[in-house]
Structure formats: C-alpha cells, structure tokens
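Worksheet: one structure, shown below.
The values are calculated or read from the model by the stated rules, or taken from the named source; none is laboratory data. Just so you know, these numbers come straight off a predicted model, no measurement behind them. Every residue, glycine as well, gets a Cβ built from its backbone with ideal geometry; the counts of neighbours run over all protein chains shown. The protein model used for the area step is the full one, side chains on, heavy atoms only, and it has no ligands, DNA or RNA in it. Shrake-Rupley method; radii C 1.70, N 1.55, O 1.52, S 1.80 Å.
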Amino acid sequence: MTETNTHVLDEQLAAMNEAAERALASWPGRFRDMTLVKYRENAVYSLYDDAGQRFALRVHRPGYHSDAELRSELLWMSALATAGVPVPGIVPTRDGALFVKVELPERPVMQIDMLVWLAGQPIGSIEDIGASNTEALRDHYVKAGVLAARLHNFGEGWQMPDGFARHAWDAGGLIGEDPFWGKFRELPALAEHRDLIETACRKAETELAALGRRASVYGLIHADFVPENLLHADGSLLLIDFDDAGFGWHMFELATALYFYLDTPYYDAVRDALVAGYRSERALSDAHWAQLPLFLLLRSITYLSWVHTRRETETAQELTPMFVERTVELARRYLM
C-alpha cells in the first residue's frame, strides 16, 4: 500500500472512531472498552455496557446504502431474530431509532447502528480456506444449508413493511452495463479474456431470464455466506453481516457459500453437505441445483467488480490475478 493510501486510510479510521464515540450518547446506558475489531467495508467496534453485555457498533461506509435501505436491512434482521433465525438482534436508540447519523467537518454523513454481539468463532476465512477438518466442515455446511433455507423460507413468507428498499443482485446488478459493485469489464487484467466473458454473460442473461423471479427461486438473500460470516457456537451456526443483503436468486446464495472452496480438497464435501442441509428445509430441484456453474460464474464476476472499484488498494492488487484466473476458468466450464 502506498504512503498516500495509508495516510487516507488513517484519516478515514480516525473519522470513524470519532463518529463512533459521538454516536454512543444516542443509546441508553454507559459503555466501555470500545475496540475496533474489523475494518473492511464498514468499521465494526466491540463494546460492553455496565452489566457486561457485549455489543457491536457498526459505522457504515458512506454512500453504500440510503437511509431507507439501511432501515430495511435492520427491520429484516429484527424480524429474522424474532422468528428464531440466529442473527444479531438490533439495539434501538433511546428514542427508538434503528440507527443514527453523525456528520463531521469536511466528511460525509455516517450511519451508525448497534447490534447484540453474537458469541462464536468463524468457521473459516477466505485467506486460509484450506486449513480445515473435513468432518467438521461437513457438519458446518449441513447447518449452513439449513440456515440458508430457513432464511429463504422466511423471506418468501414475510410481509415486507412499507418503504422496504434493498439493492438487487439481478441480471443488471450482476452483469449489466452498470453492475452494483462496479464495472468489471473495465478491469485491465481482464482485457485479453473480454470476448470469452462477454459470451458467457450473454448466455447467462438468457438463462436468468428463463429462470425468472418467482418466489420459489428469487427473493431476499444474505448474499455473503462466506466463512467469516458463519459463526459456530455450542453446536449451532450463527449468521452475521447483512451489509450486502438484498434481492437475488437463492442459488446465488449457495454459490457464494461454495465459491472460496473451489480448487480445494474440501469442495465436494462442502457442496454435498450444503445441498443436503438446504433440502432438509426447502425444496430444491435437481434442475435448479444443476445451475450451480452459472451462479458460481456470476459470483466470481462480482468479485472482479469488487477489485476493480478498489484497484488502488493492496488487497485488490493481490486478489485480482486469482479472481481473473478463476472467472476465466468458470466461464470456460460454463460454456462447454
């Protein structure tokens, strides 16, 4: 990372730290030991109240979600928690608001919310995906399949409140002219493979149109079922980080859960466990499951968008060759 980027990052973190401190006055009680535990898209802080209960304070990156979209995310999470789906509970402010907004001089307005901390350990990480026990992974991914199915079942039957708004992982959001995460076609590292990717995208658009958006295949999804967001605790699996949640195909959810296990010795075990768990709670036809290559490709393309919009960062520069290579291979398999 360049000195300039490091300086900008330091300034961003300092602003988020100040915003988090200011926001705390909006919640009842007193809090202590506020510590930054994660800064990737949002800044996530751990903190405790006087009774020793732990919470997560999220400072959202400016511009990603409108107020209506963030409110909708929190309302959906709250409804899921009430229905017994193991997701973080929402902590309203002393005035009953779901989040607050803090504005600092010469900074964009920052949205800040508070969640109940879920105790547990991630089942893995995308940086170290191979360091896992196969039997443990099977158990985790049967439960992950069950969790995904429960999420989709709830979304299909839930009456969304007035004004509910979230982004869509639809054809336009995935591979349109202006995809939700960014214009992957402009990624320089993809230049020599552009014809292949465009051919795959045209086929994908046709297949997505044929699949349609009926409730049995499309609806509210978490959209980030990666190992870091699946926590295991006391024999259960918990789901965190709804920042990317929106409308999309259910198979996109399952492809996301599998994506980082591609090219590992664990892939078949994880894949079979995931679908078995899912089918124990929700119908999934063989024909629909057979579309997994399509959705693995679409998931891979979104990561090209992600690195393109962050191309100046060290993380994006390190990940770009892997994502390009994997996307090209998935496109070739898809077109066979």
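What to note about this one:
- When restricted to residues that are surrounded by fewer than 14 Cβ atoms within 10 Å (Cβ to Cβ) and modelled with pLDDT of 95 or more, the range 98-121 contains 0.
- Among the residues of the range 159-178, the ones that are open to solvent by 40 Å² or more (accessible area, probe 1.4 Å), charged (D, E, K, R) and touching a helix residue (DSSP H, G or I) at 6+ places or on another chain (Cβ under 8 Å) come to 1 in all.
- Boolean, TYR218 is touching a residue at least 60 places away in the same chain (Cβ under 8 Å) and under 28 Å from TRP76 (Cα atoms): no
- In the range 30-74, counting only strands (runs of 3 or more DSSP E) that sit wholly within it, the ones holding 1 or more residues that are out of contact with any His (no Cβ under 8 Å at 6 or more places or on another chain), open to solvent by 30 Å² or more (accessible area, probe 1.4 Å) and touching a residue at least 60 places away in the same chain (Cβ under 8 Å) span 54-59.
- Some residue of the range 90-102 being part of a helix (DSSP H, G or I) and of a type in the set (A, V, I, L, M, F, W, C): no
- Scoring GLU205 on the criteria (1) surrounded by fewer than 16 Cβ atoms within 10 Å (Cβ to Cβ); (2) under 18 Å from ALA83 (Cβ atoms) leaves a single failure, condition (2).
- ALA223, sole failed condition from (1) open to solvent by 10 Å² or more (accessible area, probe 1.4 Å); (2) in contact (Cβ under 8 Å) with a residue 24 or more places away in the chain; (3) not in a helix (DSSP H, G or I): (1)
- Residues within the range 292-335 that are assigned to a helix (DSSP H, G or I), of a type in the set (Ser, Thr, Tyr) and more than 17 Å from the chain's Cα centre (by Cα), tallied: 4
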